[in-house]
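The values are calculated or read from the model by the stated rules, or taken from the named source; none is laboratory data. Treat the numbers as computed from the prediction; the structure is a model and nothing was measured. Note: ideal-geometry Cβ built from the backbone for every residue, glycine included; neighbour counts use all protein chains shown. Calculation scope for accessible area: heavy atoms of the full protein, side chains included, ligands and nucleic acids excluded. Shrake-Rupley method; radii C 1.70, N 1.55, O 1.52, S 1.80 Å.
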Amino acid sequence: MRMKNNRKPITIILTITLLMTASALLIWPSLYEHQCKTRVYEDMESTLSSIESSNIRIIAVSGSEEEGFGYSAGASGVVFEKDNDTYYAMTAYHVVKESRAKYFIVATALTPTYDEYKKQKGITGHIPQKEYYDAMPLASVEYENEQSDLAIISFRFSEDLDAAEVAKDNPKKGDKIVAVGNPSNIEGHFIQTYGKILSEEEEEF
């Protein structure tokens with residue numbers, strides 16, 4: 001009696017298993033990234049309007065009257081305190097250490113985009129960038145800490161902005177969090193990314 005050859009079915013099963021594993025390894029990072037970008041915690045979503053109002057863009061201004069001015073797309077900051085018409089905001093140290101910057105200006109949640117500004121002025125054609133950016137408040141650097149990559153700026157603004165409440169305690173493992181910012185440097189566009197604290201260890205600076 002001849003024994004049946006079972007090698008072919010085993011080879012097929014192993015091949016399919018390897019293909020499925022390879023596909024999972026290639027596809028999973030993309031799926032996880034998509035989940036991270038689209039995940040929403042509904043219990044936190046309702047409180048975000050005031051947080052978004054406290055977000056600002058810090059724009060570095062370079063150049064001069066003679067050579068012309070240049071304006072960066074802007075870096076994220078968040079207002080945490082108000083004193084009459086003076087606002088204080090936190091940002092990163094590397095933002096205010098922009099090597100080519102002559103000074104910094106601030107775009108708030110109430111600042112119109114370039115196109116909105118033209119509509120407000122009733123202008124259909126081009127307007128100089130300087131005219132648009134000169135309407136934004138000037139920022140002053142109040143505090144810098146290179147080791148922690150932290151800076152505090154102040155600016156004067158006549159309209160009301162929300163100030164984000166600073167937590168008294170650090171978040172713990174398992175706590176839900178949401179980051180609000182403008183990583184893509186798109187004018188007037190802030191995005192929210194939801195997540196959780198995964199580690200109990202605090203990073204030392």
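Full extension from Glu146 to Leu26: what is 0.36 nm times the residue separation minus their Cα-Cα distance, to one decimal in nm?
39.4 nm
Go through region 149-157 residue by residue and turn each phi into a ³J(HN,Hα) via Karplus (6.51, -1.76, 1.60, θ = phi - 60°); whole Hz please, and just put x for glycine and proline.
Once rounded to whole Hz, the list reads 6, 10, 9, 10, 10, 10, 7, 9, 8.
So for Phe104, Phe80, what's the accessible-area order with a 1.4 Å probe, most first? Write out the running numbers ahead of the final one.
Numbers: Phe104 25, Phe80 50 Å².
These residues rank, largest area first, as Phe80, Phe104.
So how much slack lies between Lys82 and Glu131, counting 0.36 nm per residue of separation and subtracting their Cα-Cα distance, in nm?
Answer, rounded to one decimal: 14.9 nm.
Kindly sort Arg100, Arg57 by accessible area of their heavy atoms, largest first, with the probe set to 1.4 Å.
Result, largest first: Arg100, Arg57.
Modelled label-to-label distance, Val40 and Tyr71, 7 Å Cα→beta-carbon offset: nm?
About 3.1 nm, to one decimal.
If you count only protein heavy atoms with a 1.4 Å probe, what accessible area per residue comes out for region 49-110, rounded to a whole Å²?
47
Would you grab the residues whose amide H sits under 5 Å from the one on Ile56? Only those 5+ places off in sequence or on another chain, please, with H modelled 1.01 Å from N.
Here the answer is Gly77, Val78, Val79, since their amide H atoms fall under 5 Å of that of Ile56.
Where Rh is the Kirkwood radius over the Cα pairs of region 38-88, the temperature 10 °C and the viscosity 1.306 mPa s, what D in µm²/s does Stokes-Einstein return?
Once the numbers are plugged in, D ends up at 114 µm²/s.
Quick one: Cα convex hull volume of region 118-169, Å³ per residue?
So the per-residue Cα hull volume is 153 Å³.
Percent of Cα-Cα pairs per 5 Å bin, from 0 to the last occupied bin, for region 28-167, please list those.
Result returned by the calculation: 2, 9, 16, 17, 17, 15, 12, 7, 4, 1, 0.
Residue separation times 0.36 nm, minus the C-alpha to C-alpha distance between Lys168 and Ser199: what's the value?
So the chain would gain 9.2 nm between Lys168 and Ser199.
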